[in-house]
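Some notes on the structure that comes next.
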Amino acid sequence: MRVGECLLVSHDLPVVARITKTPYLALIFDLELDTLRELYEAMADSLPPPARSRALTVHRCDAQLVDAFQRYLALAWTQTDAAVLGPLVAREIHYRLATAPFGGMLRDLIRHDSHASAVARAIARLRRDFRACVEVPELARSVGMSSSSFHKHFKAITASSPLQYRKSLQLLEARRLLRAGKLSVTAAAFDVGYESAAQFSRDYSRKFATSPKHDVPAAGILET
């Protein structure tokens, strides 16, 4: 991704870059749905027509959005500026992203009755309760969708199924625990909700291309 391009990713979708020839700069900016909803009434009349929600989209940023990001980064040099002006510039960035041609996904999230908003509520539950067993039909009902519609829109927005998304959350948390040296491989597997340490190791190796033991620090806890 080159300077001047914007990569909009939905709901913590992992992004892997394989750019080896062209220099690029990446900035991760956390979006707050509450801020987007606060802006909705003021910008509703100027919003572009809704577009199909996607898990990931790349688009060239306009000069105003690039300028907002540059000002936001510049605030990091002064603690007082960051504390006082940071929220104001962040709010501007939310506005410019939501009204941009590629902001369809964000505009769908603002609308409480949209499929994207329903999926966002389901994702919030998965993130909160990823250690617990998930019944997808019950999860779909909890956000007011049929199972078939839920699967379709969840896959469109996150590029994974609900169960795959939950598994990714489990494995990411397990990796964090292992790298911190807090738990053994078996203990980490059970801590994040796996019932089989062997299945955990297979899933971990497929996702991260390394065995979970390799992520335990040399001075960390030994597997028992």
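The values are calculated or read from the model by the stated rules, or taken from the named source; none is laboratory data. Keep in mind the model is a prediction, meaning the values are calculated, not measured. All Cβ positions, glycine included, derive from the backbone under ideal geometry; neighbour counts span all protein chains shown.
A few comments on the model shown:
- Of all residues in segment 173-186 being in contact (Cβ under 8 Å) with a residue 12 or more places away in the chain and in a helix (DSSP H, G or I), the one that is surrounded by the most Cβ atoms within 10 Å (Cβ to Cβ): Ala174
- Applying the condition of being in a loop (DSSP other than H, G, I, E, B) and surrounded by fewer than 16 Cβ atoms within 10 Å (Cβ to Cβ) to segment 62-108 and asking which residue is modelled with the highest pLDDT yields Thr78.
- Every residue from segment 143-172 that is within 12 Å of Val119 (Cβ to Cβ), assigned to a helix (DSSP H, G or I) and aliphatic (A, V, I, L, M): Ala156, Ile157
- Selection status of Ser160, buried (at least 17 other Cβ atoms within 10 Å of the Cβ) and over 18 Å from the mean Cα position of the chain (by Cα): no
- Residue check, Phe130 in the same structural domain as Ala116 (by TED's automatic domain parsing), outside any helix (DSSP H, G or I) and either free of Cβ contacts under 8 Å to residues at least 24 places away in the same chain or within 24 Å of the chain's Cα centre (by Cα) (or both): yes
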